[in-house]
Each structure stands twice: as C-alpha cells, then as structure tokens.
Amino acid sequence: MATTASVYQRDPLGRLRRTAGYSITVVFGDGRSVITAADRLRRVHDRVTGHDPISGIRYAANEPENQLWVHMTTWHSVLYCYERYGPGHLAPEREREFWRGCQISSELQGLDPAEVPGSRTEVREYFASMRPRMCVSEDAREIIDWLLKPTSSELRLLKPVFMLLARAAAATLPPYMRDLGGFNRSRVVDGAVAPVVRMASRVMTLPPMRRIGAAVSPEAYAVRVAAAFGPAPSRNTTVTIAEARRQLADEPGDGAT
C-alpha cells in the first residue's frame with residue numbers, strides 16, 4: 001500500500017493545484033462555486049479514514065477537530081506570510097474583517113463559526129492548547145524532507161521556485177515546530193530567505209510571469225482573474241454559508257460572494 005508521503009511525492013503539482021484552487025475559490029469565488037467546491041472536498045475527505053500511526057487511535061479527516069486544525073493553520077499562515085513577505089500588517093479594521101472571514105468560511109468544513117478563533121489572540125491560545133499534542137510520524141518526516149529537497153521530475157524548471165517556497169514556509173514556523181520536524185535552522189538563514197521571497201513576489205505579479213501561475217494552478221488563476229476583471233457579482237456582499245445555501249436554493253443560477 002502506498003504511504004501518504006509516496007502519494008504526495010508522486011503528484012506534488014496536483015496537490016498544489018487542488019489546494020490552491022480550493023483556497024482561492026473560497027476567498028474570491030461566488031457562492032455557488034464556493035459551496036460546490038466545499039461539498040466536493042468534504043466528499044473526498046469522507047473516504048480519508050484510518051489509524052494514527054503513533055497513537056493507534058482511529059481518525060477521520062472530516063472530524064471537526066481535524067478540520068479545525070487544518071482551517072486555522074491555513075488562515076493563520078496566509079496572514080503571517082502576508083505580513084512577513086508582503087506589504088506588512090493589516091489595519092485593525094481589515095484584520096478584524098480577515099478573522100471574521102475565517103470564522104464564516106469554517107462552516108464549509110462542518111465547523112461551528114462561533115467556536116472558531118476570531119482574533120490573533122484567540123489563535124495564539126488555540127495553538128498553545130494544541131502544542132502538547134503535537135507529534136511527527138515517519139510519513140510526515142518523509143514529506144518534510146521531500147518538500148525541502150524535492151526529487152520529482154515533474155517539477156522540472158519549477159523546482160527552484162518550489163524549493164524557495166518550502167524554505168520560506170519553514171521560516172515562518174516557530175522553533176518548537178521545527179525542532180519537532182527535525183529541520184531547525186538559524187535566524188540568519190531565515191532572515192536571508194525573506195528579501196528573496198519579497199522580490200520574487202513582486203516579480204510574479206508582472207504580466208509575463210502570471211503565465212507561471214496559470215500553468216501551476218489554472219483553476220485558481222481563473223477564479224482570481226474572474227474576481228478581478230470579470231463582471232460584478234449580482235450581490236457584492238459577504239454572507240454566511242447557510243445564507244448562501246438558502247439563496248442558491250431559492251434563486252438557481254445566482255451567487256452571492
């Protein structure tokens with residue numbers, strides 16, 4: 001039987017495309033597209049079950065506790081990387097809007113938005129509560145090693161970009177997580193990564209370089225372009241997932257953002 005690590009290594013760009021496509025759709029897509037993508041993902045996760053290799057406890061990917069961890073690490077990483085490698089900190093009002101979006105979108109993963117951290121302080125408290133439970137399996141270590149030194153021939157010319165992104169992501173993790181994963185580095189190395197990633201981010205926004213984004217994740221690219229340059233939505237408002245489902249049931253073909 002193939003391990004999680006071997007499956008990841010066999011189709012790295014496929015995993016990247018699917019993850020990017022879903023994430024961009026949730027942020028920029030219309031209500032119909034978002035709900036369709038979320039329902040499809042939950043059906044896939046329904047089949048992901050097994051036993052934890054360390055504790056032996058049975059798990060299911062769609063269990064709320066597992067989904068909360070995935071959801072919070074994703075949203076926290078987006079904000080942290082924006083601050084570290086992008087323009088910097090959001091204004092207080094924009095940050096409150098960001099965390100509100102985090103709570104609203106959590107319902108797509110079967111979570112209760114009222115129980116999802118909704119501020120920087122609450123997120124830190126959540127991560128602190130999870131720290132004693134963290135561990136790393138052999139599969140996880142294999143994936144970490146591969147991400148830092150990818151060997152897939154599928155990456156070809158994208159390999160340098162992929163490696164840079166992996167090292168930039170590793171630099172955002174706190175020391176205790178890197179120690180746990182066995183890839184801790186000095187702050188000097190972390191500091192050297194930052195300016196390179198900032199420069200690369202600016203270069204990637206240039207029109208000729210956008211073709212790379214379109215090639216790596218065409219679905220995500222199409223959603224982003226439609227949001228930026230497509231027709232205005234019929235209702236330019238942010239609604240809860242339950243409200244979006246009701247609107248779509250009452251008005252087939254119409255979508256709220």
So if I take the alpha carbon set of the range 10-63, get Rg, then get Rh from the Kirkwood formula, what is the Rg over Rh ratio?
1.09
How high is the relative contact order of the chain, in percent, with contacts defined as C-alpha pairs under 8 Å that are six or more residues apart?
31
Area of Cys81 that stays accessible when all protein chains are in place (1.4 Å probe, Å², to 10)
50
Would you please calculate the Kirkwood hydrodynamic radius of the range 71-135 over all C-alpha pairs and express it in Å, rounded to one decimal?
12.5
Gaussian network model of the chain, Cα springs within a sub-10 Å range: biggest mean-square fluctuation belongs to which of Arg42, Arg167, Arg246?
Arg246
Rounded to a whole number of µm²/s, how large is the Stokes-Einstein D of the range 1-129 at 37 °C and 0.692 mPa s, given Rh as the Kirkwood radius over C-alpha pairs?
201
Of the candidates Ala232, Ala38, Ala244, which one comes out as most mobile in a Gaussian network treatment of the chain with C-alpha springs shorter than 10 Å?
Ala232
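In deg cm²/dmol and to the nearest 500, what is the mean residue ellipticity at 222 nm of the chain if only DSSP H runs of at least 4 residues count, each as -39500 (n - 2.57), divided by the residue total?
That comes out to -20500 deg cm²/dmol.
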Estimated inter-spin distance, Met177 and Phe98, nm [label 7 Å along Cα→Cβ]:
1.5
Here the range 180-192 yields Karplus 3J(HN,Hα) values (6.51, -1.76, 1.60; θ = phi - 60°; whole Hz; Gly and Pro given as x) of 4, x, x, 9, 5, 9, 6, 5, 5, 5, 4, x, 6
Using only Cα atoms, figure out Rg for the range 109-248 and give it as a multiple of 2.2 N^0.38 Å.
1.36
Please list, ordered by chain and number, the residues whose modelled amide H lies under 5 Å from the amide H of Asp30; skip anything fewer than 5 residues away on the same chain.
none
Applying the Karplus parametrisation 6.51 cos²θ - 1.76 cosθ + 1.60 with θ = phi - 60° to the phi angles of the range 158-173, what ³J(HN,Hα) value in whole Hz is obtained for each residue in order, glycine and proline being reported as x?
7, 4, x, 5, 4, 5, 5, 4, 5, 6, 5, 5, 4, 5, 8, 7
For Ala169 paired with Asp112, estimate the spin-label separation in nm (one decimal), with each label point 7 Å from Cα along the Cα-to-Cβ line.
3.2
Correct semi-axes for the chain, from √(5λ) of the alpha-carbon gyration tensor and rounded to whole Å with the largest first, are 29, 24, 20
Using a probe radius of 1.4 Å on heavy atoms only, what accessible surface per residue do you get for the chain? Whole Å² is fine.
62
Whole-number percent relative contact order across the range 138-193, with pairs defined as alpha carbons under 8 Å at least 6 apart:
35
Which percent of the accessible heavy-atom area of the chain goes to carbon and sulfur, probe 1.4 angstrom?
59
Going by average Cβ neighbours within 10 Å, how do the peptides 129-135, 146-152 rank, with the highest at the top?
146-152, 129-135
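The values are calculated or read from the model by the stated rules, or taken from the named source; none is laboratory data. Every value quoted in this text rests on a predicted model; they were computed, and no experiment measured them. Counting neighbours? That spans all protein chains shown, and the Cβs are built from the backbone with ideal geometry, glycine included. Protein only, heavy atoms only, side chains kept; ligands, DNA and RNA dropped before computing areas. Shrake-Rupley method; radii C 1.70, N 1.55, O 1.52, S 1.80 Å.
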